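Following: one structure in structure tokens, then a few remarks.
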Amino acid sequence: MKNSLLIGLLFFLLLSCEKNTVEKDLIDGIWVESIHKMDTLVFDKHDPSFELKRGTELRNGYLLPKYSSGTYSYEMGNDSISLRWMLSSSYNSNDFYFKFDSENDEIVIGNFFVDSLNNDVILTFLRTN
């Protein structure tokens with residue numbers, strides 16, 4: 001009985017790992033926001049996080065990355081993505097709408113970083129490579 005349970009658990013773990021690997025392989029690459037083309041997502045299939053590149057701005061005499069730029073850890077759901085900005089002091093993740101369209105090389109994601117937009121706004125990113 002114990003051997004059957006152990007084999008079942010190992011089989012389940014292998015299936016779970018394979019699903020995550022396929023998802024990360026598919027979104028691996030560089031994605032640019034489709035309208036303003038100023039923000040970029042960089043996914044690496046070997047990393048459980050992605051980088052949001054937003055360019056730089058002059059603040060207090062220093063050229064600094066725009067707010068919310070940086071690394072985000074993520075976990076995929078069926079139609080959502082759970083994100084945590086690594087530069088935040090909070091360990092809490094927030095869920096956002098997420099859809100990956102492999103046929104059109106498109107990621108559709110809820111607004112997680114643009115302060116001037118409502119949180120209900122959906123952003124579209126297109127693959128560049």
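Okay, here's what the table says:
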| quantity | calculated |
| --- | --- |
| Spatial separation of Cα centroids for the range 31-48 and the range 66-121, in angstrom | 11 Å |
| Nearby aspartates and glutamates by direct alpha-carbon distance to K24 (threshold 13 angstrom, same-chain neighbours under 8 apart not counted) | D44, D47, E75 |
| Inter-label distance for D28 and T56, nm, one decimal - labels placed 7 Å from Cα along Cα-to-Cβ | 3.1 nm |
| Calculated FRET value between N111 and D44, using beta carbons and R₀ = 25 Å, to 0.05 | 0.60 |
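Quick note: the coordinates plus some simple rules give every number you see, no bench work behind them. Remember, it's a predicted structure, so these values are computed and weren't measured experimentally. Backbone-built Cβ (ideal geometry, glycine too); neighbour counts: all protein chains shown.
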